[in-house]
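Have a look at the structure below before the remarks.
The values are calculated or read from the model by the stated rules, or taken from the named source; none is laboratory data. What you see is a predicted model, and the numbers here were worked out from it, not measured in a lab. Ideal geometry is used to build each Cβ from the backbone, glycine not excepted, and the neighbour counts take in all protein chains shown. Accessible surface is based on the protein model in full, side chains and every heavy atom, while ligands, DNA and RNA are left aside. Shrake-Rupley method; radii C 1.70, N 1.55, O 1.52, S 1.80 Å.
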Protein chains: 2
Amino acid sequence: MSLNTLFNPSSIAVIGASETPGKIGYEAMQGVQSFPGPIHPVNPTAEGEILGESVVASVADIDDGVDLALLCVPASVVPDVLEECATTGVGGAVSYAGGFAEAGEDGEQLQERVAAITDEHDTSLLGPNTSGFVVPHAELRASFASGVDRIEPGNIAVLAQSGGVAHSLAFRAVTEERGLSAMVGLGNRADIGFEEVIEFFDDHDETNAIVLHVEGTDNARGLLETCEAATTPIVAYTVGKEDVGGFAESHTGALTGEYALYEAGFRQYGVPTIDSGTELLDAGYALAHTPEANGTNVGVVTAQAGPGIIIADRLLAAGATFPELTDETDEIVTDILPDITYAENPVDTGRPMPEFGEVVAAVARDPNIDCVLVYELHEAALGFPTDALDGLATETGTPVLFATDGSPDLLDEDLADLEAAGVPVFRSPERGADATAALVEYARLHATTDNGTETEGTTDD
Amino acid sequence: MSLNTLFNPSSIAVIGASETPGKIGYEAMQGVQSFPGPIHPVNPTAEGEILGESVVASVADIDDGVDLALLCVPASVVPDVLEECATTGVGGAVSYAGGFAEAGEDGEQLQERVAAITDEHDTSLLGPNTSGFVVPHAELRASFASGVDRIEPGNIAVLAQSGGVAHSLAFRAVTEERGLSAMVGLGNRADIGFEEVIEFFDDHDETNAIVLHVEGTDNARGLLETCEAATTPIVAYTVGKEDVGGFAESHTGALTGEYALYEAGFRQYGVPTIDSGTELLDAGYALAHTPEANGTNVGVVTAQAGPGIIIADRLLAAGATFPELTDETDEIVTDILPDITYAENPVDTGRPMPEFGEVVAAVARDPNIDCVLVYELHEAALGFPTDALDGLATETGTPVLFATDGSPDLLDEDLADLEAAGVPVFRSPERGADATAALVEYARLHATTDNGTETEGTTDD
């Protein structure tokens, strides 16, 4: 089963299209407005046009056929509509309606009927009980949530068990002015699940990191083995540390729980796990924008000691190590800044200064260092050391991450320049530390022995 | 010793004022530009004006005297300059220079000389080795960091051991468009420390919550007893879980460490502790803007299950409880929404809808509920349930917090309306849950017995 028709269709039908704002059949029509191919509103009881597109009564009436169908119809009619789509050659479908496995016995039976249809035909179904997906590079926004047209192209794929969480994460990326290569809410996974979607986006040209939100799945081993086989870096946010009882089951029809098992399992299969959506996005952002770290040795360069201590504290707690700098680096640093506040690692320059970037470069070039995290409060008169950091990660093969705070109106331009130079920027010491910790954890889980064999998992503690 | 002259002066001298941008003596002059009273640049080797103010050679040359002196001079001359200030009646001083107790034996001796001067005279000194303070209500920005003029008035006082962390937190508040009643970086605390500053802002009319950043202090008991005696809610961010070694000592001359002791101590004395600057600010924001919760019973109302599970998971882990709703509330909710997805607590409406606010109100009025957290993805066609939530916390005495995600350009206006109606808003499920957890923890630590005696600390686990 290829998901190419689902995630990269040539044409779309919106079944149950409506002209009433607020209805899913209208909002889904709104969502696909940016799509460059044909869009067909389908509704047997409507006529004329919806958002400028001619309404047809049935997918069977669309002469050239349809690749992707968005099912904006209630649960009870989903099986019949899906069957009609499948028999008329629709390759991919999304079912938004709730009322399936998450809603008791009748819903379970309905979901079994849906699964039987997708088993029998060559149609891939996302959902049911999802708010959909977005692939910004394809201008494809198969979601009924408002504002999905604001999701810009990027290189991180957000794959979430919950459609709500998928959107929550995507809008946080919008707020941070970061793009995504995809946002997918899996919902009840009657047909396609984590494995198929991970495999698809592992092969996706625009995707450089995959971030997962996982509540629970019937096939944990399949998910873990898929993650292990993927070449794209993956990070996971596992929810369900506590027993939230019937509420979880009422969601996508899967129990959460077995949290500890998942967390350990993911690490064993090479996937760092983190504890919040912001950490998840930041980890994905770091992994997608830097070389991989070769180990856990972090060099911290800070212009202010207090945030530096926060960073060191968090990184040590996350398993990072702070090696001594080589004598050469020490000499370079004290040569640049004879009055430096603290020349050991973490290096504390005491204040931002014109030479700050040179100090960072010296630490990045230190052979003892696998990864560099820089912190400085933005100082308008100095700006950021963009010239010194431009190309530094590529030159050294060492990831260089940057964390800062400042008044947005003063720093936004300098920050955009720094990001344009390929440096991932995080807007607090804690976020910088957590993103660095994810790189370090990824390096630890994918450590190679001297003969090149990956030892991932075996050093897990 | 009153800190009123320090934090609420009538006139300011900037000693070591400079006309060179980037120098502390210039940036400090910039910082105080908003101050409505007289500003005197002091520099024996300069003439004319700096930023429009006439330079004088010495504080002794200022006819009407000076309340507050900002010492922009190197460590070595601080004792002499401070002595001159003290003998000419300056009531408050800030010393920015590093090179004191954090910098080895010579610095320690220098700091002892400084402490001896403040002991002898009626002059309160902030620092040395701090980037200063800001009191936005007084238009007073005694900091050399750029952008401090963006810090708007609000009702949360940020009191940080580190000047860098104070500024990091203040700029995060700026980014969130939240105001502060104060931002203070204590630095080396040669004279005034946590106790004096907490006491001052506990009595400060504009301050409704105090948030602390603590690395370590020689007098932990004094700090804890001051917190216990304060009537303003206090939350603390204790840094130093890991041994960051010499780096910490190189900072404000105090060792971090004894982290567990601090954390337990704070709780025992009624102060919730949290784990990041964002959590700290969110906790302060919640405590400053809502009634106190009467217990740990949380009611969650969500329009999307996935974020609701994240919230429930985090709140349970933090010690919150989820009581059943009363039969009356159940009836009201199912009356409003007969097809509701999940009517128990957490309540899941399945989607935002016009009746969403009524459901929230019903839960807030439930006598089993001590605190309400609402989550919904922003839906442009519906907006937020501002009318239903306006005044709800005041009417019920139950805090009502709101968490959301959405595209900033679409939700910012609705969000401002909601905040104007007195509802604290948080921009992710996790942040909403963490802020609610802080209210719950505060309630737990300040629980009163039936006879009205506070039992704070005794139920600590």
*What's log10 of I(q)/I(0) for segment B:308-350 at q = 0.21, 0.26, 0.33 Å⁻¹, Debye sum over Cα points only, no solvent?*
-0.71, -0.90, -1.11
*Please work out how much length the chain gains when fully extended from residue B:324 to residue B:416, using 0.36 nm per residue of separation minus the C-alpha to C-alpha distance, in nm with one decimal.*
29.9 nm
*Compactness ratio of segment A:38-115: Cα Rg over 2.2 N^0.38 Å, N = residue count?*
1.17
_DSSP beta bridge pairing in segment B:265-408, given as percent antiparallel to the nearest 5_ = 5 percent
*asked:* Counting pairwise Cα distances across chain B, what percent come out greater than 30 angstrom?
replied: 49 percent
*What list of whole percents do you get for P(r) of segment A:77-140, with Cα-Cα distances grouped in 10 Å bins up to the one holding the largest distance?*
22, 50, 24, 4
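If you roll a 1.4 angstrom probe over the protein chains with everything in place, what fraction of the accessible area of segment A:1-134 belongs to carbon and sulfur, to the nearest %?
Details: 2350 of 5490 Å².
On segment A:1-134, the fraction of accessible area on carbon and sulfur atoms equals 43 percent.
Can you work out D for segment A:253-347 in µm² s⁻¹ from Stokes-Einstein, where Rh is the Kirkwood radius over C-alpha pairs, the temperature is 25 °C and the viscosity is 0.890 mPa s? Spell out each step's value before the answer.
Details: Rh = 16.3 Å.
Answer, rounded: 151 µm²/s.
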*Which distance in Å, rounded to a whole number, links the C-alpha centroids of segment B:179-208 and segment B:306-352?*
40 Å
_Nearest-20 debye value, the protein assembly as shown charge dipole, Cβ charges on Lys, Arg, Asp, Glu_ = 240 debye
*Using alpha-carbon pairs under 8 Å, 6+ residues apart, how would you state the relative contact order of chain A in percent?*
11 percent
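Can you give me the orientation-averaged projected area of the convex hull built on the Cα atoms of segment A:291-368, in nm²? The partial results should precede the final answer.
Numbers: hull surface 20.1 nm².
Over all viewing directions, segment A:291-368 projects a mean Cα-hull area of 5.0 nm².
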*asked:* Calculate log10 I(q)/I(0) of segment A:324-369 for q = 0.20, 0.29, 0.33 Å⁻¹, where I(q) comes from the Debye formula with a single equal point scatterer on each Cα and nothing for solvent.
replied: -0.53, -1.16, -1.48
*asked:* Give the average, rounded to an integer, of partner chain Cβ atoms located within 10 angstrom of each Cβ in A:309-320.
replied: 6
*Given +1 on the Cβ of Lys and Arg, -1 on the Cβ of Asp and Glu, and no further charges, what dipole in debye does segment B:162-216 carry about its Cα centre, rounded to the nearest 20?*
360 debye
*Positive-end extreme of charge dipole, the protein assembly as shown - chosen from A:287, A:270, A:70 (charges on Cβ)*: A:70
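Return the Rg/Rh ratio of segment A:68-109 with Cα-based radii and a Kirkwood Rh. It would help to have the intermediate numbers written out before the result.
Numbers: Rg = 10.7 Å, Rh = 10.7 Å.
We get a ratio of 1.00 for segment A:68-109.
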_Under 5 Å, built H, 5+ apart or other chain: amide partners of residue B:209_ = B:157
*For the pair residue A:105 and residue A:23, how long in nm is the line joining their label points, each one 7 Å along Cα→Cβ?*
3.4 nm
_Using a 7 Å offset from Cα along Cα-Cβ at residue B:152, what residues in segment B:120-134 end up with backbone N under 19 Å from the label point?_
B:134
*Roughly how many Å is it from the Cα centre of segment B:388-418 to that of segment B:1-46, as a whole number?*
40 Å
*asked:* Taking just the alpha-carbon atoms of segment A:108-240, what radius of gyration and Dmax come out, in angstrom?
replied: 14.3, 43
*Value of Rg to Rh for segment A:286-427 (Rh from inverse mean 1/r over Cα pairs, i.e. Kirkwood)*: 0.93
*Using per-residue counts of other Cβ atoms within 10 Å, averaged over each peptide, order B:126-138, B:324-336 from highest down.*
B:126-138, B:324-336
*Hey, could you pull the Cα Rg and Dmax for segment B:1-155, both in Å?*
14.4, 41
*Span per principal axis, largest first, for the Cα atoms of segment A:131-202 (Å)*: 32, 23, 18
*Listed residue (B:110, B:138, B:94) projecting farthest to the positive dipole end of segment B:58-148, Cβ model*: B:138
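Averaging over every viewing direction, what projected area does the convex hull of the Cα atoms of the protein assembly as shown cover, in nm²? Don't jump to the answer; show the numbers that get you there.
Numbers: hull surface 152.9 nm².
Approximately 38.2 nm², given one-decimal rounding.
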*Based on Cβ point charges of +1 for Lys and Arg and -1 for Asp and Glu, what charge dipole magnitude is obtained for segment A:32-179 about its Cα centre, in debye rounded to the nearest 20?*
700 debye
*Under 12 Å Cα-Cα from residue B:241, which aspartates and glutamates qualify once same-chain neighbours fewer than 8 residues away are excluded?*
A:313, B:215, B:258, B:263, B:275
*In Å², what does the accessible area per residue of chain A work out to with a 1.4 Å probe?*
36 Å²
_Leading residue at positive end of dipole, chain B (Cβ point charges), from B:37, B:16, B:240_ = B:16
